[in-house]
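Data block below; observations after.
Where a number appears in this text, it was derived from the coordinates with a stated rule and is not lab data. A quick note: this is a predicted structure, and the numbers were derived from the prediction, not measured. In this analysis, Cβ positions are derived from the backbone assuming ideal geometry, glycine residues included, and neighbour counts consider all displayed protein chains.
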Amino acid sequence: MGIKNILNGMIQVIDNVETWEKAIEIGATPLIKSNKIKFGYVESMIQNIKNMGPYVILIPGVAMPHARPDENVLESSLSLLKINSGVKFSEETENVYLVFCLAAKDSNSHIEIIEQLTEVLGDDEKIANLIKAKTMDELVKSL
């Protein structure tokens with residue numbers, strides 16, 4: 001399927017955001033608008049981080065907010081929010097520039113999404129290019 005197909009129509013680029021909570025809300029907006037999730041899932045993602053800390057930061061500069069599958073997930077999906085100036089998830093963390101919001105409908109249907117995302121995350125050069133990208137065109141080309 002490929003990460004570009006998974007993220008088709010689900011990518012946004014913004015210059016800055018006030019808080020990590022707002023970053024998740026903005027990042028999940030395409031998933032809500034395309035009826036893949038309901039807003040309750042966004043609230044679950046935010047609550048998980050408040051309860052457990054910034055465990056969603058996978059590698060420096062990259063976070064993958066997610067929550068358990070529930071009735072608020074209508075279709076397993078993924079979105080990407082690029083924040084040009086970055087946002088901190090806590091005082092102890094570095095800036096996050098790439099926010100991949102993952103929604104899993106059940107315990108299996110998101111596996112292909114994870115596999116495609118893992119390929120991206122495992123490529124240091126690709127991540128560096130995504131973080132450097134300032135526009136939608138640059139971002140999509142870097143994927």
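Using a Förster distance of 35 Å, how high is the FRET efficiency between residue 85 and residue 108, based on the Cβ-Cβ distance and rounded to 0.05?
Working: r = 37 Å, r/R0 = 1.05.
After rounding, the FRET efficiency stands at 0.40.
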(message) Using 21 Å as the Cα-Cα cut-off, could you pick out the over-long pairs in 4/50; 36/134; 82/126?
(response) 4/50; 36/134
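If r is the Cβ-Cβ distance from residue 137 to residue 16 and R0 is 25 Å, what FRET efficiency results, to the nearest 0.05? Walk me through the numbers before you get to the answer.
On the way: r = 20 Å, r/R0 = 0.79.
Efficiency for this residue pair is about 0.80.
Which of the three applies to region 1-127, rounded, prolate or oblate, going by the alpha-carbon gyration tensor with a ≥ b ≥ c and a/c under 1.5 meaning rounded?
Working: a/c = 1.44, a/b = 1.15, b/c = 1.25.
In terms of gyration-tensor shape, rounded.
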(request) Identify, among 30, 57, 111, the residue whose Cα sits farthest towards the positive end of the charge dipole of the chain, taking +1 on the Cβ of Lys and Arg and -1 on the Cβ of Asp and Glu, with the dipole about the Cα centre. (result) 30
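At 0.36 nm per residue, minus the direct Cα-Cα distance, what do residue 94 and residue 51 gain on full extension? Give it in nm, one decimal, please.
On the way: separation 43, 0.36 × 43 = 15.48 nm, distance 1.94 nm.
The residue 94-residue 51 span can extend by a further 13.5 nm.
Round to the nearest 0.05 the FRET efficiency obtained for residue 129 and residue 33 when R0 = 25 Å and r is the Cβ-Cβ distance. It would help to have the intermediate numbers written out before the result.
Details: r = 27 Å, r/R0 = 1.09.
Efficiency computed from Cβ-Cβ geometry: 0.40.
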(message) Which one, 97, 55, 41, has the greatest fluctuation when you compute a Gaussian network model over the chain with C-alpha springs under 10 angstrom?
(response) 55
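Given the peptides 100-106, 112-118, arrange them by the average over their residues of other C-beta atoms within 10 Å, most packed first. Could you put the intermediate results ahead of the total?
Working: 100-106: 21.7, 112-118: 15.7.
The peptides rank, most packed first, as 100-106, 112-118.
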